[in-house]
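Here's the structure, in structure tokens; my notes come after.
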Amino acid sequence: MTRTGSCFCGAVTYRIKTEVFGARSCHCSRCRKAFSAQASAYALVQPGSFSWVSGEEYLSVFPPEGPASKAFCRICGSALCGIYEGEVHGITLGCLNEDEGIELKAHIFTGSKAAWEDLPAGVPKFEEFPPDLQLITKP
Ligand SMILES: [Zn+2]
Ligand SMILES: [Zn+2]
């Protein structure tokens, strides 16, 4: 299935040719800052399946150096994807245009969640990483 995504202002858009996988929400303090929310919501993409459709020139990355960073629209501030060693590694679920069939496999780092956040019931929760990392790393 092809999925598409866009930022808040619509300048940056992308397409993914194959299904995303390993959807997770991370509640750690770093993700709270990076995603300006109670948690990140993120899924991995198959190598080579992701392409920018428009607005790539509006992307900024943070941090600018190092193997792992996040790309965001510098007009509206939406975080669109994670970049690992120069390749798009995964996407933020909030910027997907169609989210049918996406299911969070795990809520991770719930041990360091915000004091004000109530976790939803009935979802797999882990204080840190899940003991079986394949839950969030394998299609
Ligand atoms: Zn934007
Ligand atoms: Zn995190």
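Bear in mind these aren't lab numbers, they're just calculated from the coordinates by the rules spelled out. No experiment lies behind these values; they were computed from the predicted model shown. Note: ideal-geometry Cβ built from the backbone for every residue, glycine included; neighbour counts use all protein chains shown.
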For the range 40-51 the number of residues that are touching a Phe, Trp or Tyr at 6+ places or on another chain (Cβ under 9 Å) and on the phi > 0 side of the Ramachandran plot is 0
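Within the range 2-38, count every residue that is part of a loop (DSSP other than H, G, I, E, B) and either at positive phi or among the acidic types (Asp, Glu) (or both).
Matching residues across the range 2-38 total 3.
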Within the range 61-75, the residues that are more than 16 Å from ligand 2 (Cβ to nearest atom), among the charged types (D, E, K, R) and surrounded by 13 or more Cβ atoms within 10 Å (Cβ to Cβ) are 74
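With of a type outside the set (D, E, K, R), more than 12 Å from residue 6 (Cα to Cα) and within 14 Å of the chain's Cα centre (by Cα) as the only criterion, which of 82, 86 stands out?
Values: 86 fails: within 14 Å of the chain's Cα centre (by Cα).
From the options 82, 86, the qualifying one is 82.
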Pairs returned, first residue in the range 83-101 that is of a type in the set (Ser, Thr, Tyr), second residue that is surrounded by fewer than 15 Cβ atoms within 10 Å (Cβ to Cβ), beta-carbon separation under 6 angstrom, 6 or more apart or interchain, are 84/68
Screening 36, 69, 51 for residues that are within 25 Å of residue 133 (Cβ to Cβ) and of a type in the set (Ser, Thr, Tyr) leaves only 69
The condition of being touching a strand residue (DSSP E or B) at 6+ places or on another chain (Cβ under 8 Å), free of Cβ contacts under 8 Å to residues at least 12 places away in the same chain and not aromatic (Phe, Trp, Tyr) holds, among 47, 63, 67, only for 63
The residue that is surrounded by the fewest Cβ atoms within 10 Å (Cβ to Cβ), considering only those in the range 1-60 that are of a type in the set (A, V, I, L, M) and within 16 Å of ligand 1 (Cβ to nearest atom), is 53
All conditions in (1) more than 14 Å from the chain's Cα centre (by Cα); (2) closer than 29 Å to residue 124 by Cα are true of residue 48 except (2)
Per the filter on the range 70-82, residues touching a helix residue (DSSP H, G or I) at 6+ places or on another chain (Cβ under 8 Å) and either small (Gly, Ala, Ser) or without any contact (Cβ under 8 Å) to a residue 24 or more places away in the chain (or both) are 74, 78, 79
Going by the conditions given, is residue 78 small (Gly, Ala, Ser), within 16 Å of ligand 1 (Cβ to nearest atom) and surrounded by 15 or more Cβ atoms within 10 Å (Cβ to Cβ)? yes
Taking the range 68-83 and keeping only residues that are polar (S, T, N, Q) and under 12 Å from residue 11 (Cα atoms), one is left with 78
